[in-house]
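Notes for the one structure printed next.
The values are calculated or read from the model by the stated rules, or taken from the named source; none is laboratory data. Quick caveat, the model's predicted, so the values are computed rather than measured. We place every Cβ from the backbone using ideal geometry, glycine too, and count neighbours over all the protein chains shown.
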Amino acid sequence: MNDLLTRYNYDSFVPEKFEPWLNFDASPKTGTSAPDFPLWQLDESETTLRQVLAQKDYTVVEFGSFT
């Protein structure tokens with residue numbers, strides 16, 4: 001996991017750093033259900049997307065970086 005974070009948290013915004021993350025062809029198509037995958041809470045406990053969706057009427061899952 002640390003290797004993944006090291007590669008993701010790059011120090012400069014240049015194409016050779018972010019282009020490896022652009023894989024839109026592998027993304028689910030519009031209208032398809034999202035695949036289930038692990039998520040981590042702020043308290044570092046683990047859950048899954050399916051568990052979160054089952055608990056709430058509305059769920060926002062943010063993918064991206066605020067840097």
Restricting the search to region 20-46, which residues are of a type in the set (F, W, Y), without any contact (Cβ under 8 Å) to a residue 12 or more places away in the chain and closer than 18 Å to V60 by Cα? W40
Go through (1) in a loop (DSSP other than H, G, I, E, B); (2) at pLDDT 80 or above; (3) over 13 Å from the mean Cα position of the chain (by Cα) and name the single condition P35 misses. (3)
Do we find that V52 is modelled with pLDDT under 75 and either surrounded by 10 or more Cβ atoms within 10 Å (Cβ to Cβ) or in contact with a helix residue (DSSP H, G or I) (Cβ under 8 Å, 6 or more places away or on another chain) (or both) in this structure? no
